[in-house]
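Below: one structure, written as structure tokens.
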Amino acid sequence: MSEKYELPLPALSADTTAVFIETTDTYTGRFHIKNTGGGVLRGEILSRLSGLTFEPQKFEGNTTITYTFNAQTAGLDIGESVMSRFFITTNGGEAEIPVTAKLTKMSITTPDGNTIANISDFYDYSLSHPAQARRMFTDSEFYMLLLATGYKYMEVYESLHKDANRERAMDNFFVLSGLKGRTWLEIAGEERHEFSRTPDDNEKISGEIILTKSDGGYVEAPLSFSAPWLSFSSGKLAASDFDETNTAAITFTIDPAKIKGNIAREEIIIGTDVARCSAEIIYRRLPPFVFRMNRSTYRYSDRGTIEVTNNTGEPARLEIFCPENYVRFAATTYKIPARGEIPFDIKLSAFTNAQMFFRKLPFMKANIEIKCGDFKKILPLTVGEW
């Protein structure tokens, strides 16, 4: 006994939702039709625009459609445009595609076969062929194309045409023409870079600031700072400093020998106007060791700890000594990594108790001595009956 089931139906999908044509005579373009359902997609294309033809007009299965527009057949005058539509009718659905066609006075054919009929074409061409577009930007042929298409900022173009920096001139041209916005910068990595070293470590420190551009447009970003202890690999960022992902890195160097005091801070301004961002670099000098006792006063029978922060960058062996025998440590040396604790006990001997009784001393003072090589620290404490 066989089961009855339904095969999935075809479904039409076209990779274009609108067609825009600007030409001096004849224009050819392509789009793709795909079946996103089951079975076999069959259909045809019906044009409502005179002069617009399709090959093939009838199709079966996934197909690349080539369309051709002939401005003379359409009866267009120079500068005239027309809006219409064409229909894709299939057994998997229908699509209605709007068409806008315009007859221009002239166009430029590039050596690689591209047709430039307007500034939009030129902008698209510059994205894929930047070097060729920079050469075309100052050609008389491009100047004539702007005149033929009625470009309304000819005086500004003539001024930009004289700018020796072609990348900057073209970016300003595209912004003025409304084809792109101003290119802006932002910090891609950390905005704050902090470094800490011990006082005797004057080795230079290197780091980098990571930036990104909002698009592939032109940017020239000078670096502004005043700290004498800071230096950069370059005084400004140029378009060539950014890779294909629009990312660039600025390398900086800190010279601790030029820093006076325990802390130095500098804000770095990168760029100007819209293309502007900032980063902060902070340098701190830390003492080799930082000690903190859990209290400063102790009873006659008590327990305390010394918390140690080791800023030397490697484990250190500390020597501990107290001339007063009622402050007792379990060892005379302690190995401290980055952080550690040294415990001690307060325990008076019978003789010391008797002395205090006869002298009627309410409290006693003691000093704990800590050494590590040339480093020495005295920690005072008070012992009494509280």
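Take peptides 216-228, 338-350 and line them up by average Cβ neighbours within 10 Å, highest first, as a rough protection proxy. Each step should come with its number before you reach the end.
On the way: 216-228: 17.0, 338-350: 14.2.
Order by mean packing, descending: 216-228, 338-350.
Any idea how far apart N202 and S296 come out in nm if each label point goes 7 Å out from Cα toward Cβ?
Here the answer is 3.5 nm between the modelled labels.
Would you please calculate the Kirkwood hydrodynamic radius of the stretch 103-207 over all C-alpha pairs and express it in Å, rounded to one decimal?
16.7
Taking the convex hull of the Cα atoms, report for the stretch 290-340 its projected area averaged over all directions, in nm². All intermediate terms of the calculation are to be shown ahead of the outcome.
Numbers: hull surface 15.3 nm².
Projected area, direction-averaged: 3.8 nm².
Considering every Cα-Cα pair within the stretch 234-284, what fraction, in whole percent, is farther apart than 17 Å?
It works out to 49 percent of all Cα pairs.
Hey, any idea what the orientation-averaged projected area of the convex hull of the stretch 240-322's Cα atoms comes to, in nm²?
11.5
If only Cα atoms are counted, what is the Rg of the stretch 91-144, and what is its Dmax, in Å?
15.4, 52
Using only Cα atoms, locate the centre of the stretch 121-140 and the centre of the stretch 20-75, then give the distance between them in Å, rounded to an integer.
29
From the Cα trace of the stretch 210-356, what convex hull volume per residue do you get, rounded to a whole Å³?
Looking at the stretch 210-356, the number lands at 182 Å³ per residue.
Eigenvalues of the Cα gyration tensor times 5, then square-rooted: what semi-axes does that give for the stretch 167-237, in whole angstrom, largest first?
Value: 36, 13, 8 Å, ordered largest first.
If eta is 1.002 mPa s and T is 20 °C, what Stokes-Einstein diffusion coefficient results for the stretch 128-186, Kirkwood Rh from Cα pairs, in µm²/s?
177
Could you list the square roots of 5 times each eigenvalue of the Cα gyration tensor of the stretch 17-140, that is, the equivalent ellipsoid semi-axes, sorted largest first and rounded to whole Å?
Listed largest to smallest, the semi-axes of the stretch 17-140 are 31, 18, 11 Å.
Which three semi-axes in whole Å describe the equivalent ellipsoid of the chain, each the square root of 5 times a Cα gyration tensor eigenvalue, listed largest first?
81, 33, 14
7 Å from Cα along Cα→Cβ at both M83 and A331: what's the point-to-point distance in nm?
Result for the modelled spin labels: 8.6 nm.
Looking only at the stretch 77-94, which residues have a backbone nitrogen under 15 Å from a spot 7 Å from the Cα of K58 in the C-beta direction?
Taking a point 7 Å out along Cα→Cβ of K58, the residues of the stretch 77-94 whose backbone N falls under 15 Å are 89-91.
If the limit is 20 Å between Cα atoms, which of K204/K377; K102/K152; K347/K371; K152/K180; K204/K260 go over it?
Cα-Cα > 20 Å for K204/K377; K347/K371; rest within.
Using 1/(1 + (r/R0)^6) with R0 = 22 angstrom and r between the beta carbons of S224 and N165, what's the FRET efficiency to the nearest 0.05?
That gives a FRET efficiency of 0.60.
Please report Rg (one decimal) and Dmax (integer) in Å for the Cα set of the stretch 139-257.
Reported Rg and Dmax, both Å: 20.3, 72.
Bear in mind that the values in this text are calculations on the coordinates, not laboratory data. In this text the structure is predicted, and so the values were computed from the model without any measurement. Cβ coordinates were reconstructed from backbone atoms using ideal geometry, including for glycine residues, and neighbour counts include every protein chain displayed.
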